[in-house]
Amino acid sequence: MKITPFALVAALAVLSPAAGAAAQTAAVPAPAAADWRTIAPENLLVIDTSKGRILVELEPRAAPRHIERVRTLADQGFYDGLKFHRVLTGFMAQTGDPLGTGQGGSELPDIAPEFTFRRGRDARFARIEGADEGIVGLVGSLPVQTQPDAQMMVTSDFKVDAGGLFCNGVAGMARASALDSANSQFFLMMGTNDVLDGNYTAFGRIVSGLEVVGTLKPGTDTADGAVTDPDTMTHVRTAAALPDSERPVVRMLDTHSAAFQAHVAETRAASGSNFRVCDVQPVAEVTGG
């Protein structure tokens, strides 16, 4: 069994001392079975690389067209052997180009952008208080900024606009200068970059293996991050396409549980006045595979 992003037993027992004397004495129960949710196999992207395994939770509520593309290409074996051709330390690692140059794509048509999506109450948005400006939180494991729930009462579909935020670990779809030019290339964030928010499609988040992304060979020879002798994706499939004996199972700590809220409180206390939604990492338990 593997717990990511860090060992959480002590953190879930009590809040950080920095949260205040009253909070220190407020015991938080260890996670119960009901505090976890299991990622559906079709929404778990299993990326085996030359440096280790990366697991990405796909969020179809945010970017259904892009996720359908990634699922299709992954399960066809399209991504097997492709390079991490552009890696910028502390920023992102980009892959998915059969040419290995950043200029290629699949034979499938390009995709229209999904920079924002319509969020309903069924998305189970978990607001993170005291972070950033506006209303921010999580839909599944994806950090988002959104309009308030109250706005749903005056919209025809009873939903509001929301958009993914490019925090550490977020998976985004690469594109050229044209907004509708996304195809097969994607990138994995190694830091937070607000410039990408609203300009690129966020379609998921790393729930295990973020440390693997940090070990990918960076581009040091050119300013744009192009890599000489790059690391590769050796095998990429959705968990649904893997045999049962090879399929990892990932449970996520539910963002509405007391245990996860304790995790948020501890993160808030550690970050102080600089606290942001991007500081809150998902908590996952990985078994099998």
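The values are calculated or read from the model by the stated rules, or taken from the named source; none is laboratory data. A quick note: this is a predicted structure, and the numbers were derived from the prediction, not measured. Ideal geometry is used to build each Cβ from the backbone, glycine not excepted, and the neighbour counts take in all protein chains shown. Areas reflect the complete protein model, heavy atoms only, side chains present, ligands, DNA and RNA absent. Shrake-Rupley method; radii C 1.70, N 1.55, O 1.52, S 1.80 Å.
The candidates PHE187, PHE158, arranged from most to least accessible area with a 1.4 Å probe in the full protein assembly, appear as PHE158, PHE187. Of the residues HIS256, HIS235, HIS263, ranked by 1.4 Å probe accessible area with the largest first, the sequence reads HIS256, HIS235, HIS263. Computed over protein heavy atoms with a 1.4 Å probe, the accessible surface of region 88-152 works out to 48 Å² per residue.
Against the chain, whose longest principal axis comes from its Cα atoms, helix 258-271 is set at around 80 degrees.
Go ahead and set up a Gaussian network model of the chain, Cα springs under 10 Å, then flag whichever of VAL70, VAL46, VAL160 fluctuates most. Maximum fluctuation in the GNM of the chain, among the listed residues, is at VAL160.
Along the charge dipole of the chain, which of CYS278, ALA40, LEU242 sits closest to the positive end, that is, farthest toward it, with unit charges on the beta carbon of Lys, Arg, Asp and Glu (+1, +1, -1, -1)? Farthest towards the positive end: ALA40. Set against the 2.2 N^0.38 Å expectation for a compact globular protein, the chain has a Cα radius of gyration ratio of 1.00.
Figure legend: label point modelled 7 angstrom from the Cα of THR89 along Cα→Cβ; residues of region 200-221 with amide N under 19 Å from it are 210-221.
The residues MET153, MET189, sorted by heavy-atom accessible surface at 1.4 Å with ligands and nucleic acids left out, run MET153, MET189 from largest to smallest. Between ASN274 and ALA34, full extension at 0.36 nm per residue minus the direct alpha carbon distance yields a gain of 83.2 nm.
Dividing the summed helix terms, -39500 (n - 2.57) for each DSSP H run of n ≥ 4, by the number of residues in the chain produces a 222 nm estimate of -4000 deg cm²/dmol to the nearest 500. Just how far, in whole angstrom, is region 123-183 from region 67-112 if you go by their alpha carbon centroids? What the calculation gives is 23 Å, centre to centre. Taking amide H atoms as placed 1.01 Å from N in the peptide plane, list the residues 5 or more away in sequence, or in a different chain, whose amide H sits under 5 Å from that of THR238. Distant-sequence amide H within range of THR238: VAL46, ASP75.
Taking all protein chains together and rolling a 1.4 Å probe, ASP197 ends up with roughly 50 Å² accessible.
Considering only ALA176, ALA258, ALA131, the Gaussian network model of the chain with Cα springs below 10 Å gives its largest mean-square fluctuation to ALA176.
Spacing of the modelled spin labels on ALA150 and THR228, each 7 Å from Cα toward Cβ, amounts to 5.9 nm. Within the listed set GLU59, GLU266, GLU133, the Gaussian network model of the chain (springs between alpha-carbon atoms below 10 Å) gives the highest mean-square fluctuation for GLU133. Helix 64-76 and the long axis of the chain differ in direction by around 60°, with both axes built from C-alpha atoms. Residues whose amide H lies under 5 Å from that of LEU216, counting only those 5 or more places away or on a different chain, are absent; hydrogens are built 1.01 Å from N in the peptide plane. Solvent-accessible area of the chain (1.4 angstrom probe, protein heavy atoms only): carbon and sulfur portion equals 53 percent. Pairwise alpha-carbon distances in region 167-289 exceed 19 Å for 63% of all pairs.
With the whole protein complex present, LEU55 retains an accessible surface near 0 Å², based on a 1.4 Å probe.
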